[in-house]
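A quick write-up on the structure given underneath.
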Amino acid sequence: MVIGWLSRLLVAAGLIGSAWVHWVVWDDWARFMDVVGPLFMVNVIAGPVIALAVLLWRGHWLPELAAVGFGLATLGAYVMSLTVGFFDVQEQFRTDEELWGVITEAACVVFGLVLLARRYVAGARSGDRASAAARRGRHRGGLQGEGHGQGQGGQA
């Protein structure tokens, strides 16, 4: 239970942190870029929205998957900007914003995967319990039916 909430909080912190980094960089230079500027603003808006969903919509896997996708897409775009360039942006990994961006987005991926894995394991366990209960029910039903049939046959 504690691991789940801690992971949820870390995912939300990663999403909010990434949104903040994108806001700072957008305000600094990205707002002047035709493609990257609007994409940074998407991150500024999407980060808090997904963070709220991760914290409040705990009954579904979609916010957790969205957090992982957000982190992977953003990290992927950043890696492209470091290597081959990304829509006329060529980064060098020299600023604090770049460092914090990588940290926050990695947190989205890592702790989002923790949440998804916990959900998968919990589902598998409940599925195992349900199937075990069903097997026990069939087994008991089968024995009771056989015993009942033998009892009638023995009396006849």
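The values are calculated or read from the model by the stated rules, or taken from the named source; none is laboratory data. Just so we're clear, the structure is a prediction, and the values are computed from it rather than from any experiment. So basically every Cβ, Gly included, is an ideal-geometry build from the backbone, and we count neighbours across all protein chains shown. Remember, those area values only see protein heavy atoms, side chains included, never the ligands or the DNA or RNA. Shrake-Rupley method; radii C 1.70, N 1.55, O 1.52, S 1.80 Å.
Residues that are open to solvent by 20 Å² or more (accessible area, probe 1.4 Å), of a type in the set (Phe, Trp, Tyr) and under 15 Å from residue 109 (Cα atoms) occur in region 52-63; there is at least one. Evaluated against (1) at pLDDT 95 or above; (2) open to solvent by 30 Å² or more (accessible area, probe 1.4 Å); (3) closer than 18 Å to residue 67 by Cα; (4) not hydroxyl-bearing (Ser, Thr, Tyr), residue 12 falls short on exactly one condition, (2).
Of note, residue 79 does not satisfy the criterion of being part of a helix (DSSP H, G or I), modelled with pLDDT of 85 or more and either closer than 18 Å to residue 7 by Cα or of a type in the set (Phe, Trp, Tyr) (or both). If you scan region 93-106, which residues turn out to be in a helix (DSSP H, G or I) and either acidic (Asp, Glu) or open to solvent by 20 Å² or more (accessible area, probe 1.4 Å) (or both)? Result: 96, 97, 98, 99, 100, 102, 103, 105, 106. Need pairs with beta-carbon distance below 8 Å; first residue under 15 Å from residue 40 (Cα atoms) and within region 69-98, second in a loop (DSSP other than H, G, I, E, B) and aliphatic (A, V, I, L, M); sequence gap 6+ or separate chains. Once the first residue is under 15 Å from residue 40 (Cα atoms) and sits in region 69-98, its partners that are in a loop (DSSP other than H, G, I, E, B) and aliphatic (A, V, I, L, M) give 87/33; 87/35; 88/33; 88/35; 89/33. Which residue is least open to solvent (accessible area, probe 1.4 Å), if the candidates are limited to region 23-51 and must be under 23 Å from the mean Cα position of the chain (by Cα) and modelled with pLDDT under 95? Residue satisfying both the conditions and the ranking: 40. Take residue 66 and tell me if it is open to solvent by less than 80 Å² (accessible area, probe 1.4 Å), assigned to a helix (DSSP H, G or I), modelled with pLDDT of 95 or more and in contact with a Leu (Cβ under 7 Å, 6 or more places away or on another chain). In short, no.
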